[in-house]
2 protein chains.
Amino acid sequence: MPLKIFVIMITAMIVAVPSLSFGQARSSISGLQPATKTLPERLGYPPDAKLLIVHGDDLGMAHSVDAASIKAFESGLVTSGSIMVPCPWLPEIAAYARSHPEADLGLHLTLTSEWTSYRWGPVLSKDRVASLLDKSGYLYLTETEAAAHLDVKEAEAEIRAQIERARAFGIQPTHLDSHMGTLYQSKALFEALLRVARENKLPTRMSREFFASAQFLPSLLGPTDVVIDRIISIEPNVPPESWSKFYTDAIKSIQPGVTEMIVHIAYDDEEMRAATIDHPNWGAGWRQRDFQFFTSDAFRRSLQENNVKLITWREVARLLGKSDD
Amino acid sequence: MPLKIFVIMITAMIVAVPSLSFGQARSSISGLQPATKTLPERLGYPPDAKLLIVHGDDLGMAHSVDAASIKAFESGLVTSGSIMVPCPWLPEIAAYARSHPEADLGLHLTLTSEWTSYRWGPVLSKDRVASLLDKSGYLYLTETEAAAHLDVKEAEAEIRAQIERARAFGIQPTHLDSHMGTLYQSKALFEALLRVARENKLPTRMSREFFASAQFLPSLLGPTDVVIDRIISIEPNVPPESWSKFYTDAIKSIQPGVTEMIVHIAYDDEEMRAATIDHPNWGAGWRQRDFQFFTSDAFRRSLQENNVKLITWREVARLLGKSDD
């Protein structure tokens with residue numbers, strides 16, 4: 001599931017702010033970067049390039065997600081994805097990561113376990129992160145419950161453990177983001193995410209649009225942080241028959257700069273239906289529709305017609321001095 | 001997976017020992033039970049009744065297992081099953097247990113995580129049961145590795161926690177058994193299982209045939225322990241095309257007393273194929289074959305023709321003074 005709080009607003013906004021990373025504006029003070037250089041320029045593209053990361057969330061959550069996402073990566077139309085380290089299919093997606101070092105895989109840092117029939121706990125020993133667990137001993141069902149109960153130090157320790165565990169499994173993450181946006185629920189949590197991302201020289205999911213809803217955000221950013229321009233994510237108000245139209249319209253509306261399209265890819269199969277049984281939003285049918293659109297010729301044509309170029313988080317990560325490992 | 005060590009031998013043996021529980025023989029000393037009373041008699045059947053528990057292992061391991069096993073229970077031909085509490089689909093099978101209090105569900109006490117693409121950890125906090133975990137932080141892949149590394153006290157604490165967790169989820173177990181037979185790997189482990197089973201007034205999977213391979217076993221048994229007569233389980237040496245013949249022959253060979261047939265039920269679907277990807281033994285096709293035979297008219301006819309009556313562990317549990325809750 002995406003960053004509900006921010007993204008609901010963001011999909012309505014789709015503003016055309018000139019594509020400057022916050023970091024750039026700061027760095028111009030020290031003269032290292034001309035303040036007028038756009039994020040596409042910094043990435044080696046024309047200043048007004050329309051760049052798009054198509055990002056599949058929730059890898060490792062279910063075999064259905066892994067299988068459909070890998071197929072989508074192979075289409076070349078879904079460029080990036082992020083892995084949920086506490087989930088039971090981690091070994092499956094980690095094997096893919098090891099055999100596909102070119103794949104643009106980040107970590108979908110996970111502090112929630114949102115399905116009612118199929119659940120998981122933390123990476124750290126439960127005793128060490130008791131504040132992250134609901135009464136049943138799993139991670140909380142929702143990002144709001146998690147944020148209301150968690151101790152930020154325990155949350156930070158857990159996300160550090162998730163990164164360490166991913167590396168132990170041979171995953172070399174290219175970026176970080178937060179499952180269900182839990183780490184965007186408070187300033188303290190977001191500071192923890194930023195701290196961990198900076199230490200690991202990894203970019204994290206941040207859009208200039210966040211500034212409107214998370215007013216604490218600009219003050220937290222430093223010269224090395226990269227902020228993309230916008231995030232697009234479909235929401236439950238879009239009926240299934242309007243799926244293609246929503247995305248096609250969204251692609252038409254893409255402005256110069258870097259946009260991330262957050263998608264949720266899986267098959268509408270027995271496993272996924274059972275996992276999402278009482279949860280049609282971001283459920284099995286939803287994910288099959290995302291799979292179908294984002295592996296379609298219609299999507300490919302739409303990118304061409306609108307002169308939108310696909311990029312990866314790995315390219316963004318290079319701005320942070322991260323070597324391409 | 002079944003109790004490999006014992007069962008491989010057992011399937012070759014299928015001996016016709018008169019059906020006396022070990023407990024009975026002892027209790028005859030105190031005069032509470034006549035020494036000649038057979039286990040079927042104690043259960044309220046004719047002394048020479050051929051009684052069969054058809055038992056599906058591994059509930060909660062995967063949705064595919066849960067869905068196929070529930071369908072098999074509904075056929076009336078699979079009478080019993082046991083749940084793996086550490087597995088991620090526990091909430092799904094627990095919901096079934098709560099809505100079907102008549103179902104004969106035990107606990108498949110779990111100290112291993114045997115698939116390579118899909119894994120789980122313990123119920124207890126990892127710090128408290130470090131000896132149960134492999135280098136990747138999951139339960140060991142095999143029963144021999146687990147038994148070689150585990151601290152028996154930690155194993156006992158973990159199985160107690162699994163029982164407590166099952167009860168917290170509203171499961172009222174009718175019996176206990178051991179996933180992959182880990183708890184039968186040493187005398188100390190088996191003593192832990194027996195201790196926990198007795199305290200909970202629950203029968204556990206023990207067959208008189210075990211006595212030949214586990215010579216420590218008889219000396220551990222007390223007057224309240226119930227030992228069934230034999231266990232039948234198909235093994236990898238049976239080719240797929242001989243599946244029905246193996247089971248049909250096995251049913252013909254059933255002798256008076258209590259027999260348990262250990263089966264592994266799931267669908268040969270994407271989830272199960274991915275979980276068992278490098279492991280055809282007890283894999284997806286194997287489980288689909290078990291599902292097909294044990295829900296078939298051929299199986300039903302075979303039971304009738306051979307005068308075999310299906311029973312449950314719940315009936316056995318009543319001998320231990322367990323109320324039928």
Candidate set: segment A:155-189, residues that are charged (D, E, K, R) and within 27 Å of A:A97 (Cβ to Cβ); chosen: the one nearest to the other protein chains (Cβ to nearest Cβ):
A:R165
Suppose we filter B:A68, B:A95 for residues that are within 14 Å of another protein chain (Cβ to nearest Cβ), hydrophobic (A, V, I, L, M, F, W, C), surrounded by fewer than 22 Cβ atoms within 10 Å (Cβ to Cβ) and not in a loop (DSSP other than H, G, I, E, B); which single one remains?
B:A95
Listed residues B:D66, B:D48; which is in contact with a strand residue (DSSP E or B) (Cβ under 7 Å, 6 or more places away or on another chain) and modelled with pLDDT of 95 or more?
B:D66
Evaluate the following for A:E209: is it more than 14 Å from the chain's Cα centre (by Cα), in contact (Cβ under 8 Å) with a residue 24 or more places away in the chain and over 20 Å from A:A155 (Cβ atoms)?
yes
Can you pull out every residue in segment B:165-189 that is touching a residue at least 12 places away in the same chain (Cβ under 8 Å), closer than 24 Å to A:K135 by Cβ and of a type in the set (D, E, K, R)?
B:R165
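Give me a count of the residues in segment B:147-156 that are part of a loop (DSSP other than H, G, I, E, B) and surrounded by 19 or more Cβ atoms within 10 Å (Cβ to Cβ).
1
So which of A:T112, A:T144 ends up being surrounded by 24 or more Cβ atoms within 10 Å (Cβ to Cβ), under 19 Å from the mean Cα position of the chain (by Cα) and farther than 23 Å from B:V129 by Cβ?
A:T112
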Could you run through segment B:86-106 and say how many residues are within 18 Å of the chain's Cα centre (by Cα) and not acidic (D, E)?
9
Filter segment B:74-85 down to residues that are more than 16 Å from the chain's Cα centre (by Cα) and either closer than 18 Å to A:T116 by Cβ or of a type in the set (D, E) (or both), then give me how many there are.
1
For B:S131, are the conditions met, namely being part of a helix (DSSP H, G or I), surrounded by fewer than 21 Cβ atoms within 10 Å (Cβ to Cβ), of a type in the set (S, T, Y) and within 14 Å of chain A (Cβ to nearest Cβ)?
yes
With respect to the numbered conditions (1) within 18 Å of the chain's Cα centre (by Cα); (2) closer than 16 Å to B:Y118 by Cβ; (3) surrounded by fewer than 23 Cβ atoms within 10 Å (Cβ to Cβ), which one is the sole condition not fulfilled by B:R318?
(2)
Pairs where the first residue, in segment A:282-309, is touching a residue at least 24 places away in the same chain (Cβ under 8 Å) and the second is of a type in the set (K, R) and loosely packed, with under 15 Cβ neighbours inside 10 Å, C-beta under 8 Å, 6+ apart
A:F291/A:K71; A:T295/A:K71; A:S302/A:K252; A:L303/A:K309; A:N306/A:K252
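The values are calculated or read from the model by the stated rules, or taken from the named source; none is laboratory data. Given the structure is predicted, the values throughout are model-derived calculations rather than measurements. So basically every Cβ, Gly included, is an ideal-geometry build from the backbone, and we count neighbours across all protein chains shown.
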